[in-house]
Amino acid sequence: MTGAAALPDGGTDVLDGARLTLWAPPGLPEVRPGDDLGVLVGDLLAADARRTGDPLAEGDVVVVTSKVVSKAEGRVVRAADREQAITDETVRVVATRERPDGQPPLRIVENRLGLVMAAAGVDASNTPDGTVLLLPEDPDASARGLREVLRARFGLDRLGVVVTDTAGRPWRDGVTDIAIGAAGLRVVDDLRGGVDSHGRALSATVTAVADEIAAASELVRGKATGRAVAVVRGLARYVPGAASDDGGAAVGPGARSLVRTGPDDLFREGAAEAYARGFADGRAAPSR
């Protein structure tokens with residue numbers, strides 16, 4: 001271990017920033033609508049601390065899947081037709097692709113949270129027959145609420161919380177977890193204005209810290225292990241002190257700030273949609 005890393009508030013990281021520790025405690029019970037998720041997660045972490053002798057510490061980040069958040073918040077809805085639920089959650093279609101054998105078309109859409117993903121984030125796995133699971137109404141608010149409960153229970157000042165969901169990525173096979181909710185965490189590390197190891201100015205590098213935490217946590221949680229909670233240690237430099245809990249620096253801007261919109265979104269439309277819009281614009285243009 002080398003020297004401690006400097007923090008934005010003048011403190012130092014308990015680790016050196018070059019060592020990351022992640023674990024996913026077993027034992028979270030099946031979450032049902034109306035359950036107090038803060039109590040369930042707190043009980044899980046307390047039991048893990050008794051078993052391992054390693055309690056939650058200042059600067060830790062607790063990662064929770066959106067699936068258990070949605071279940072606790074009653075986002076399980078009856079839907080015999082998942083396609084209708086996807087339509088109901090869609091605010092903009094980005095791209096569609098027909099699939100063989102009479103399967104419904106693949107739809108990449110923007111949902112009401114501003115997230116662009118397949119099927120609007122509607123999940124039909126690990127839910128009772130005839131139901132689907134929608135994403136939380138406000139994942140950032142869910143993260144803030146969970147953080148408040150855990151900070152109070154464990155007597156911590158600096159604690160981050162990330163709510164994750166699984167998403168695909170353009171031009172890459174496979175899926176990964178991303179942050180859809182966050183609190184108590186600097187969700188990006190903006191390196192613009194600094195220099196690289198050769199002294200060259202950095203003009204475009206903004207690291208998506210919250211997404212990287214979400215992806216790393218999935219490696220220890222797994223998709224089918226029943227472990228919906230993880231702890232990430234070694235990133236305290238991204239977890240500010242509790243200078244303010246009313247939307248200030250300690251709470252952070254949330255994961256919603258990671259959503260790229262407007263003119264910065266260079267891939268707002270799929271090829272078919274862009275063609276259709278261009279064709280319509282051409283027909284509407286006055287002839288010369």
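The values are calculated or read from the model by the stated rules, or taken from the named source; none is laboratory data. Everything quoted here is computed from the prediction, not taken from an experiment. When we count neighbours, we look across all protein chains shown, and the Cβ atoms used for this are built from the backbone with ideal geometry, even at glycine.
Name the pairs: first residue in the range 250-278 and β-branched (V, I, T), second residue outside any loop (DSSP other than H, G, I, E, B) and modelled with pLDDT of 75 or more, Cβ to Cβ under 7 Å, at least 6 apart or on different chains?
The qualifying pairs are V251/R144; V251/A183.
Output the residues belonging to the range 231-274 that are among the charged types (D, E, K, R), at pLDDT 85 or above and closer than 16 Å to E110 by Cβ. Lay out the reasoning, then the answer.
We begin by selecting, within the range 231-274, every residue among the charged types (D, E, K, R); these are 233, 237, 245-246, 256, 260, 264-265, 268-269, 273.
Adding the requirement that they be at pLDDT 85 or above leaves 233, 237, 256.
Result: R256, single match.
List every residue pair whose Cβ atoms lie under 9 Å apart, where the two residues are 6 or more positions apart in sequence or sit on different chains, the first residue falls within the range 229-241 and is polar (S, T, N, Q), and the second residue, located anywhere, is modelled with pLDDT of 95 or more and part of a loop (DSSP other than H, G, I, E, B).
Hits for this filter: zero, empty list.
Can you tell me which residue is modelled with the lowest pLDDT among those in the range 148-191 that are in a strand (DSSP E or B), surrounded by fewer than 16 Cβ atoms within 10 Å (Cβ to Cβ) and among the small types (G, A, S)?
Among residues in the range 148-191 that are in a strand (DSSP E or B), surrounded by fewer than 16 Cβ atoms within 10 Å (Cβ to Cβ) and among the small types (G, A, S), the one modelled with the lowest pLDDT is G168.
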